[in-house]
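The values are calculated or read from the model by the stated rules, or taken from the named source; none is laboratory data. All values reported here derive from a predicted model rather than from experimental measurement. Virtual Cβ from ideal backbone geometry, glycine too; neighbours counted across all protein chains shown.
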């Protein structure tokens, strides 16, 4: 076997250009296959870690995916709001440890504005139960103070002390802006890789204050001044949703049932983990499509390698005949071609993995900043080893085709050698 390996290595060195092109073809295939697999798993992990430590999300009666989308991902709008009295009742429930109110509906230059209170900064968690932290500044305390997500500050060039104008509704157009009520930036959150980064946070009282003089989305023309509003003690009347953390996980289903059957208004309580799983399942077709595309690229790479081996085989018939004349048996010719195919694939896998980790290291900050996907540069997982093993095994199967052809040709050519 050692002689066969040496012959295979010498043969590849003799065809350096062709071998190098084949190695790069396999390497690119491996980069795409492993890259798609790693990004897919990391995207799924980042998706699942968007919210952590929250036991229930409560909103107006609707489907759990819709409730999850607008409360966590800031996508879409609520079917109905929640009365503030309902929030107070459940926030003081004996099984509830903390509750975060959320009020949505306004925007600023394409970013959603969310009204909440200090409980949000104290109890909201993401990832592996990571709490929110400030890159600079602090929580809002004044009526017209705001805390920005990292993407908002970076995209719009805001810093501590900057002023911004909130618009009524999702469309940020001139006639819907609260121009006479500018907000001052007092805090900027550290990046989280979640929708928090794309959110403008203000107090619930501020949401009430900026809508004084507005009715059904229209300015009636009697909006008080900023100084007048700061002297009023605002109390929220309605909120969009609330997040609940319980003292004991055992009480989750009992409270969920109580909320879903609440007699005063129609409410829905969902478990974030189950809703996230359902939402990801709805997008699984895109995930599978990516995997199928990468598999076809690997197949294309192997077909290229097969074409290269078959083309070179015709030119190497004299080489095979000489080997037969020197005592090589047909099984040695067969093993030689198998070793060449396996060796090219192994080199391609090694180069591909090296390039993949280099590319992931360079691309990780960009992907995290623009797409919110945290790519961890970790060791190859057992599943990835299985994929690489399948690629290596496929190369042996592919190598059987030229090897069998060389085996048959060596039998006939070996009988009539012309040198």
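Does residue 120 meet the test of being outside any strand (DSSP E or B) and closer than 30 Å to residue 227 by Cα? Step through it out loud before you land on a result.
On the way: outside any strand (DSSP E or B): yes; closer than 30 Å to residue 227 by Cα: yes.
Judged against the criteria, residue 120 is a match.
What is the number of the single condition among (1) part of a helix (DSSP H, G or I); (2) modelled with pLDDT under 70; (3) in contact with a helix residue (DSSP H, G or I) (Cβ under 7 Å, 6 or more places away or on another chain) that residue 399 does not meet?
(2)
Return the total of residues in the range 90-133 being surrounded by fewer than 16 Cβ atoms within 10 Å (Cβ to Cβ), more than 26 Å from the chain's Cα centre (by Cα) and without any contact (Cβ under 8 Å) to a residue 40 or more places away in the chain.
Of the residues in that region, 3 qualify.
Tell me, please, whether a residue that is on the phi > 0 side of the Ramachandran plot, under 35 Å from the mean Cα position of the chain (by Cα) and either at pLDDT 85 or above or surrounded by 13 or more Cβ atoms within 10 Å (Cβ to Cβ) (or both) can be found in the range 367-377.
Yes, the range 367-377 contains a residue that is on the phi > 0 side of the Ramachandran plot, under 35 Å from the mean Cα position of the chain (by Cα) and either at pLDDT 85 or above or surrounded by 13 or more Cβ atoms within 10 Å (Cβ to Cβ) (or both).
Where residues in the range 71-80 are surrounded by fewer than 17 Cβ atoms within 10 Å (Cβ to Cβ) and either in contact with a strand residue (DSSP E or B) (Cβ under 6 Å, 6 or more places away or on another chain) or not assigned by TED's automatic domain parsing to the domain that holds residue 103 (or both), which of them is modelled with the highest pLDDT?
80
Those residues that are assigned to a strand (DSSP E or B) and within 10 Å of residue 187 (Cβ to Cβ), I need them from the range 139-163; list them, please.
145, 146, 147, 148 - these are the residues of the range 139-163 that are assigned to a strand (DSSP E or B) and within 10 Å of residue 187 (Cβ to Cβ).
Please state which of the following conditions residue 136 fails to meet, knowing it meets all the rest: (1) on the phi < 0 side of the Ramachandran plot; (2) in a strand (DSSP E or B); (3) surrounded by 15 or more Cβ atoms within 10 Å (Cβ to Cβ).
Here residue 136 meets the rest and fails (3).
Kindly indicate whether any position in the range 161-170 is modelled with pLDDT of 90 or more and either under 25 Å from residue 247 (Cα atoms) or in contact with a helix residue (DSSP H, G or I) (Cβ under 6 Å, 6 or more places away or on another chain) (or both).
The answer is no, given that none of the residues of the range 161-170 is modelled with pLDDT of 90 or more and either under 25 Å from residue 247 (Cα atoms) or in contact with a helix residue (DSSP H, G or I) (Cβ under 6 Å, 6 or more places away or on another chain) (or both).
Since residue 68 meets every condition but one in (1) surrounded by fewer than 16 Cβ atoms within 10 Å (Cβ to Cβ); (2) closer than 25 Å to residue 251 by Cβ; (3) touching a helix residue (DSSP H, G or I) at 6+ places or on another chain (Cβ under 9 Å), which condition does it not meet?
Evaluating residue 68 over (1) surrounded by fewer than 16 Cβ atoms within 10 Å (Cβ to Cβ); (2) closer than 25 Å to residue 251 by Cβ; (3) touching a helix residue (DSSP H, G or I) at 6+ places or on another chain (Cβ under 9 Å) leaves (1) as the failure.
Regarding the range 306-317, can at least one residue be identified that is more than 13 Å from residue 401 (Cα to Cα), at pLDDT below 70 and exposed (fewer than 14 other Cβ atoms within 10 Å of the Cβ)?
Within the range 306-317, one or more residues are more than 13 Å from residue 401 (Cα to Cα), at pLDDT below 70 and exposed (fewer than 14 other Cβ atoms within 10 Å of the Cβ).
Given (1) assigned by TED's automatic domain parsing to the domain that holds residue 99; (2) modelled with pLDDT under 85, identify the lone condition not met by residue 61.
Every condition holds for residue 61 apart from (2).
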